Amino acid sequence: IVELEDLALSTPGLAFEDYSSSFSAAPVMRGLTQINVSSEVQNVATFVDGVYIQRNYAVDISLADVSRVEVVKGPQSALFGRSAFAGAVQYVTKDPSDVLEGDLFYSGNSEYDNEVRGSVSIPINDELGMLVNGYAWDSQGYYKNVATDDYVGGGNGAGGSVTVKWEPNDSIGVKWRTEYSADNYDVAAQ
């Protein structure tokens, strides 16, 4: 599972497609779809570590450093606020580990898509750890313009995140996370 579309394929009652671009993508829970897909407020609330993500272009995050994804179906306004009318999707990110470890992932082919993701977890001392990850992708597009013989609907992007966790004892813990991404999409195929 690499993105929200993959998760939706294995989760009954959840549908997600970003076929035109991630700017108009909206998760659909139990058939309760958005009438206005350009609305900034979705009826399926999306969270990263408990922080509400309001914009629909930010709901499909790269799952490079995600520990788990929680999908809650049905009205969840009591737990997640008024934007969770149809349900909620919460991404829970990984914490830095207490041993030095890392991973690297590459996916691609010579004609359409290339993606590389990697992360490294660095223990600084017994109480403090850091997790750094990054990704880069490039897509030529899936649709071929028969007049120009060029592919359309592709794009490229890169990003990363840094997570620092300080845990002086079992009852106190502070987690700080920042991330950056810059994704550029070509004009969608029509």
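The values are calculated or read from the model by the stated rules, or taken from the named source; none is laboratory data. Note that this is a predicted model, so its numbers are computed, not measured. Positions of Cβ are generated from backbone atoms using ideal geometry, with glycine treated the same way; all protein chains shown enter the neighbour counts. The accessibility values were calculated without ligands, DNA or RNA, using every heavy atom of the protein model including side chains. Shrake-Rupley method; radii C 1.70, N 1.55, O 1.52, S 1.80 Å.
For this structure, a couple of remarks:
- Only residues that are free of Cβ contacts under 8 Å to residues at least 12 places away in the same chain and either over 26 Å from LYS94 (Cβ atoms) or open to solvent by 70 Å² or more (accessible area, probe 1.4 Å) (or both) were counted in region 105-117, giving 3.
- Residues within region 85-106 that are under 14 Å from THR46 (Cβ atoms) and more than 18 Å from the chain's Cα centre (by Cα), tallied: 2
- Test for TYR180: is it among the aromatic types (Phe, Trp, Tyr), closer than 20 Å to TYR91 by Cβ and open to solvent by 50 Å² or more (accessible area, probe 1.4 Å): yes
- Total residues in region 148-160, condition charged (D, E, K, R) and touching a residue at least 60 places away in the same chain (Cβ under 8 Å): 0
- Looking only at region 82-104, and only at residues there that are farther than 30 Å from GLN34 by Cβ and touching a residue at least 40 places away in the same chain (Cβ under 8 Å), the one that is surrounded by the most Cβ atoms within 10 Å (Cβ to Cβ): PRO96
- Any hit, region 154-176, residues being open to solvent by 90 Å² or more (accessible area, probe 1.4 Å), under 23 Å from the mean Cα position of the chain (by Cα), closer than 30 Å to LEU100 by Cβ and at pLDDT 90 or above: yes
- Residues within region 71-83 that are under 18 Å from the mean Cα position of the chain (by Cα) and closer than 10 Å to THR46 by Cα, tallied: 1
- Residue, modelled with the lowest pLDDT, within region 27-52, restricted to residues that are open to solvent by 40 Å² or more (accessible area, probe 1.4 Å) and part of a strand (DSSP E or B): LEU32
- Residue within region 2-10 that is farther than 19 Å from THR93 by Cα and at pLDDT below 70 present: no
- The set of residues in region 161-190 that are of a type outside the set (Gly, Ala, Ser) and touching a residue at least 60 places away in the same chain (Cβ under 8 Å) comprises THR163, VAL164, LYS165, LYS175, ARG177, ASP183, TYR185.
- Residue ID - farthest from SER171 (Cα to Cα), chosen from residues in region 118-130 that are β-branched (Val, Ile, Thr) and surrounded by 15 or more Cβ atoms within 10 Å (Cβ to Cβ): VAL120
- The condition (being touching a residue at least 60 places away in the same chain (Cβ under 8 Å) and either open to solvent by 50 Å² or more (accessible area, probe 1.4 Å) or not basic (Lys, Arg) (or both)) is satisfied by just one residue among ASN145, ASN133: ASN133.
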